[in-house]
């Protein structure tokens, strides 16, 4: 795995990446600036923002962190790269899920080929859709690596029903951790765990094979920069402990009645 940003490359090698997500549909410049300043001060690894050229230029004017834009629109991606983005993430499919739409295996592969044609060897991360079964996720991960994708990300179960979000948080995270465990064993490129990760489970993600985690909602819920910094530092400290006292990988597998034998590695 080679990234053009040396510091980010080293963070992935050390498996201590913290991606701070400002919100893929968040265009509130004041909140974005607060999150970016907190991420800078807490020495997070990079920022993940909406594919909006105004946001990219705004953040590039004061933030020293590498900037990742997330989109499934090749034109938006191309324009944001021209505006100064350092990485591209194809994922955050929430816009599709909200409409009851789900990208297929072949559609995703064709999208990646189109983006690669537009941007060449630019740093590229792709999220593995949660609704693919584990064998499909593994096959997709291996094909994406073959196509030259630099980073993979896992996601958990999605719900747009507010009343179900709290009760579904554990299931969402468990789904993402299971995907991380199997996908990371099938490829040589790094994997990021996202969807509901907090300081409580950060070390679990690393032990499941992740090279880093993505955090967003837990930060956006804080009221000021100090609280945001504390939130990021709690996650960072948790990752450094690198220990699973409460749940092991085997615990997660048994909870879902999944055995390694049923997944082709």
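Read-outs throughout are calculated quantities, based only on the coordinates presented, and are distinct from any laboratory measurement. This is a predicted model, so every value here is computed, not measured. Virtual Cβ from ideal backbone geometry, glycine too; neighbours counted across all protein chains shown.
From the square roots a ≥ b ≥ c of the eigenvalues of the alpha-carbon gyration tensor of region 87-163, which class results: rounded (a/c under 1.5), prolate (a/b over b/c), or oblate? Here region 87-163 falls in the prolate category.
Rounded to the nearest 0.05, the FRET efficiency derived from the C-beta distance between residue 200 and residue 54 at R0 = 35 Å is 0.50.
Here the peptides 104-115, 225-236 are ranked by packing, the mean other Cβ count within 10 Å, and the order with the highest first is 225-236, 104-115.
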